[in-house]
């Protein structure tokens, strides 16, 4: 598998290439050692929009991370939240060095996509979840013959100014499927009802990979393992 760019970054990489190329020509004439500066910035832009393939777990009853980054909080939420019931929210901070392509945490159907304007606080700020610009994706998940709500929230950060959500309502998603990205530093949240949470498999500061790291095992899996 070679290096791969996400389709969500073709424009930015193209613009960065033109600008960096022009600067390199000018700096080569004025002061050639400075050429390294636009080259370094160009390399960072290209790496930011990388989109590696992932080996997605196939076992039933798992919720995988929707983003690369570090877990910043694991919080109990109430019925006033996107789920409409008690649940657990896992927050993930994506630094400017992480892969920013977002993925579906489970096999599920898109129920609704709600976009909200707001602030651009640092995504590590506990208030960012409720005050920043965001997109909340509500999903319908089948488990043991019943339907449950789960949700993914894309939250803009201090530098992030554009949220890409590349799915539609009623679309059927597969675990690990690409669903969009947030450009330049941000936060992702996975929300799962208490009824489904058998075990939270990560802790604060855990490093996670989208589509690969298991965040939550369902209650049924925990029961089977006991």
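Points worth noting:
- Multiplying the residue separation of residue 205 and residue 174 by 0.36 nm and removing their Cα-Cα distance gives an extension gain of 8.5 nm.
- On full extension, the segment bounded by residue 7 and residue 130 gains 41.4 nm, given 0.36 nm per residue less the C-alpha separation.
- Efficiency of FRET between residue 85 and residue 53 - r from beta-carbon atoms, R0 45 angstrom, step 0.05: 0.85
- Here the gap between residue 111 and residue 60, fully extended at 0.36 nm per residue and compared with their Cα-Cα distance, gives a gain of 16.2 nm.
- Under the criterion of Cα pairs below 8 Å and six or more residues apart, the relative contact order for the range 1-48 equals 41 percent.
- Counting other Cβ atoms within 10 Å as a rough exposure proxy, the listed residues 206, 186, 95, 104 run 95, 206, 104, 186 from fewest neighbours to most.
- For the range 62-225, the equivalent ellipsoid derived from the alpha-carbon gyration tensor has semi-axes of 23, 17, 15 Å in decreasing order.
- Using a Gaussian network model of the chain in which every pair of alpha carbons under 10 angstrom is joined by a spring, one finds that among 102, 142, 132 the greatest mean-square fluctuation is at 142.
- Each Cα pair under 8 Å and six or more residues apart adds its separation to the average, and for the chain the resulting relative contact order is 25 percent.
- Cα-projected label distance for residue 144 with residue 18, points at 7 Å along beta-carbon direction, nm: 5.7
- Treating r as the C-beta distance of residue 44 and residue 75 and R0 as 35 Å, the FRET efficiency rounds to 0.65.
- Angle between the chain longest axis and helix 36-48 axis [Cα atoms, degrees, rounded to 10]: 20
- Rh (Kirkwood; distinct C-alpha pairs) - the range 1-104, Å: 17.1
- Dividing the helix sum by the residues of the chain, where each DSSP H run of 4 or more adds -39500 (n - 2.57), gives a mean residue ellipticity at 222 nm of -6000 deg cm²/dmol.
Bear in mind these aren't lab numbers, they're just calculated from the coordinates by the rules spelled out. Since we're looking at a predicted model, the values are computed, not measured. Here the Cβ is made from the backbone with ideal geometry for all residues, glycine too, and neighbour counts use every protein chain on show.
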